[in-house]
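S.K.: Below you'll find the structure I mean.
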Amino acid sequence: MRVLLLLTVLLGGLYPLAVTGVGQAVFGWQANGSLVRADGTRASSVDDTGADGAPVVGSVLVGQSFGEPGTAPEWFHGRPSAAGEGYDTLASAGSNLGPNNPDLVAAIEERRAAVAAEDGVDPATVPPDAVTASASGLDPHVSPAYAYQQVDRVAAVRGLDPAAVRTLVDDAVAGRVLGVLGDERVNVLALNLALDDLAPAGTASEGSGAS
């Protein structure tokens, strides 16, 4: 009983308080959800609009919809999502369909055709992450290949020099963790915020709201 009480106090009380305190003191932004505002600045909560009144538009850790291929061409699109109706944080999951499932195969081919048509590329060159959902359905990243594929389309819609948009992607590419873990990736929300800062999409910028 004494050991139980001791461990309850240490592990059920003091340890969580210590971890929470260190997290808030040293990694406050990350501990509170890694939220960002429409102007690209960091927010401490969903109600933290900052001095300029810019609203919180999402978390860099959670994917959100910027339109399906064929819609909202002014934005870089993320991966498809099988979480609920799409990017539902309360229903985080993949499709749970195997690679030979006819429904999944048909969905992939449909997505491949839509992405290729939108970006004006050969369907055979469409990257896998453009047509397949992640296991969580909330992946906030795409591969550099998919981001670069979308450059010409986004630049044309916004009337920008493709080289300027390509530079945004260059700057958004994050390397492997510790140089060896994972793959290079591009955060879609961060990239779209940088894009909108370069050339606002007008009323279409409402699509960057958190989902």
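S.K.: Where only protein heavy atoms count, and the probe is 1.4 Å, what is the accessible area per residue for region 18-104 in Å²?
M.R.: Working: 4780 Å² over 87 residues.
About 55 Å² of surface per residue is accessible.
S.K.: Would you list Glu110, Glu184, Glu74, Glu85 from the most to the least accessible area, probe 1.4 Å?
M.R.: Numbers: Glu110 135, Glu184 105, Glu74 30, Glu85 185 Å².
The ranking, largest first, comes out as Glu85, Glu110, Glu184, Glu74.
S.K.: Related question: Tilt of helix 15-26 relative to the longest C-alpha principal axis of the chain, in degrees (0 to 90, nearest 10)?
M.R.: Helix 15-26 sits roughly 50 degrees off the main axis of the chain.
S.K.: Which whole number of Å³ per residue matches the convex hull of the alpha-carbon atoms in region 1-107?
M.R.: On the way: hull volume 19.5 nm³, N = 107.
Considering the Cα atoms of region 1-107, their hull volume per residue is 182 Å³.
S.K.: Report the residues of region 44-71 in range of a label on Leu181: point 7 Å along Cα→C-beta, backbone N strictly under 17 Å from it.
M.R.: It comes to 61, nothing else.
S.K.: Here is a follow-up. Among the chymotrypsin sites (Phe, Trp or Tyr not before Pro) within region 1-106, which fall in a DSSP loop and have no more than 14 other Cβ atoms within 10 Å of their own Cβ? Before the final figure, lay out each step's value.
M.R.: Numbers: sites: Phe27, Trp29, Phe66, Trp75, Phe76, Tyr87; in loops: Phe27, Phe66, Trp75, Phe76, Tyr87.
Sites meeting the loop and neighbour criteria: Phe27.
S.K.: In whole percent, and with a 1.4 Å probe on the protein chains, what portion of the accessible area of the chain is carbon and sulfur? Kindly include the intermediate steps, with their values, before the conclusion.
M.R.: Details: 7060 of 11720 Å².
Carbon and sulfur: 60 percent of the exposed surface of the chain.
S.K.: Something else about it: Any chance you could check the Cα centroid distance between region 71-148 and region 4-40 for me, in angstrom?
M.R.: So the separation of the two Cα centres works out to 34 Å.
S.K.: Which values, in whole Å and largest first, are the semi-axes of the equivalent ellipsoid of region 44-101 obtained as the square root of 5 times each eigenvalue of the Cα gyration tensor?
M.R.: Values: eigenvalues 164, 53, 11 Å².
Output for region 44-101: semi-axes of 29, 16, 7 Å.
S.K.: Of Ala156, Ala130, Ala93, which has the largest mean-square fluctuation in a 10 Å C-alpha GNM of the chain?
M.R.: The residue that fluctuates most here is Ala156.
The values are calculated or read from the model by the stated rules, or taken from the named source; none is laboratory data. Everything quoted here is computed from the prediction, not taken from an experiment. Cβ coordinates were reconstructed from backbone atoms using ideal geometry, including for glycine residues, and neighbour counts include every protein chain displayed. Areas reflect the complete protein model, heavy atoms only, side chains present, ligands, DNA and RNA absent. Shrake-Rupley method; radii C 1.70, N 1.55, O 1.52, S 1.80 Å.
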